[in-house]
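For reference, the structure is listed below as structure tokens.
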Amino acid sequence: MTSHSADPSPAPPPGCPAHTGRSADSGRSAHPGRVPLHGPEFAADPGRVYAHLRGWGPVAPVELAPGVPATLVVGYDTALEVLRDPATFAKDAREWQKGIPADCPVLPLMMYRPNCRNTDGEVHARLRAAVTDSLARVDLNALRDHVERTADRLIRGFRGRGSADLVGQYARALPLMVFNELFGCPPDIGDRLVEGMSGIFDTVNAKNANQVLRQAVLDLVTLKRREPGADMTSWLMSHPVGLTDEEVMHQVLTLQGAGTEPEQNLIANGLRLLLSDDRFAGDLSGGSLPVEDALEEVLWTDPPLANFAITYPVRDVDLAGVRLQKHQPVVISLAGANTDPSLSAGQRVGNRAHLAWSAGPHTCPAQGQARLIASVAIEKLLDALPEMELAVPADRLVWRPGPFHRALTELPVRFPPVSVPEPARVPEAARVPEQIRVPEQARVPDARMPGSDDRPWAGGDGVPVPAAVPPASAPDPALRGSASDEPRDPWSSLKRWWHGE
């Protein structure tokens, strides 16, 4: 049995951030022998770092930020062992954070909060019930419709220019707009939520970002107590488990965090793969893969949360031949475990056994919604701009530093400009209400959200869904294209596949 403090370090490959002689700002470890997961070098090529870490075995010593050591699990089977044993590998960080300075850049993302991600046992079951039941009230058809309309609106903003940054102008904005609607969140609060969440993941001025985030969610909860509606925030408040305002705030914070930053990365990483990998651009008869398979590939090799699912052993414990100290962070490398050489890369297509959504009792409860948002967002963009291509070589794209996420700084593309016609004016009498209604026999008689507006319940179980978008945001027919004018390009067969041709 060994401990990481006693292990000799495997020789790092050239360019690996484990090399010494680098400044702290560039990712030098404050703990000799530990590999830093912060700094631009790790962000540029994490795969090389994971390969180096496997020299220790399935678990390896790392540094999450200057002076913050941790154990990283890079073995797939070992990751499952940890994720499926919450009695030993608990989620409560309170003992660990007692020795962490308040300005530690990773503290806001790792600190204990009373949410379903940071709790175990009965407390976790109660909080998760409120989250999963509220998520189940979102009608997926209404969600798809809203994503399509939001995508149309964003694409109209840049399609006539011939170029765009798909991170800043699309992937970042779309989840924010969708989740603002789902949570009944006004734009000003939504902007602050994204500002705070991005700052936490980037670990830049994270203490201030945490304060911005907390105040934004507090303002949202205060608003929905005063004006409840058919939205996730109100549903959490009215759930039978009786969440306090503090608990509602932290569940919203968790869901918004999972639905904005990681969703943005899933969309952007999926687009990067589709635009740079020949497997996804050839003729279908030649073996190209559809969008769902491209997303599956990303979830295996470039998951939006690369290193997360953090646990804290309740006692000193042996894991894969290494002695771990109690209350010290054990981080699952979702990317490293997914690319474990013991797994066959050829078995990934159609295989959803990856760990991008975690595993065990803390498996992501919103993965269905997340996949739907990403796939529809990508489909709408490629439908609208079928001749789009990267504006720079894929190996020149820049990744945002940070130990937890896999996030591009930008994704520049170019395409033939598409003319932007004036939107057709819809006569007032011809407008159709935006609510998604169900047959009379499927409704709960006189069901209304207490204290809410009079929008009808939308699901077959008496479930209300948010209104899709204002009528002015109706889908733009110019974005749909047609078979007669479809360009002859590598995307044509994939586009026909989407439309069932």
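Computed in the context of the full set of protein chains, the accessible area of the stretch 207-304 at 1.4 Å probe radius has 51% of its extent on carbon or sulfur.
In percent, rounded to a whole number, the relative contact order of the stretch 88-168 is 21, using alpha-carbon pairs under 8 Å and six or more apart. Per residue, the stretch 163-226 exposes 39 Å² of solvent-accessible protein surface, assessed with a 1.4 angstrom probe and all protein chains in place. Taking packing as the residue-averaged number of other Cβ atoms within 10 angstrom, the listed peptides 263-272, 365-374 run from highest to lowest as 263-272, 365-374.
For Gln211 and Glu389, the difference between the fully extended length at 0.36 nm per residue and the C-alpha to C-alpha distance is 60.2 nm. Based on protein heavy atoms only, the stretch 69-161 ends up with 40 Å² per residue of surface accessible to a 1.4 Å probe.
Take each peptide in 407-413, 337-343, count the other Cβ atoms within 10 Å of every residue, and average; sorted highest first, the result is 407-413, 337-343. Remark on the stretch 127-205: Rg and Dmax equal 14.9, 47 Å (Cα only). For the stretch 353-404, the gyration tensor built on C-alpha atoms gives an oblate shape. Its axis ratio a/c (a ≥ b ≥ c) is at least 1.5, and a/b is not larger than b/c. Per atom type, the stretch 60-173 shows carbon and sulfur on 49% of its accessible surface, probed at 1.4 Å.
Based on C-alpha pairs under 8 angstrom that are at least 6 apart in sequence, the stretch 153-305 has a relative contact order of 22 percent.
The values are calculated or read from the model by the stated rules, or taken from the named source; none is laboratory data. Fair warning: this is a prediction, and the values are worked out from it, not measured in the lab. Please note: Cβ atoms are built from the backbone with ideal geometry, for glycine as well, and neighbour counts cover all protein chains shown. Please note that ligands, DNA and RNA were not included when accessible areas were found on the heavy atoms of the full protein model with its side chains. Shrake-Rupley method; radii C 1.70, N 1.55, O 1.52, S 1.80 Å.
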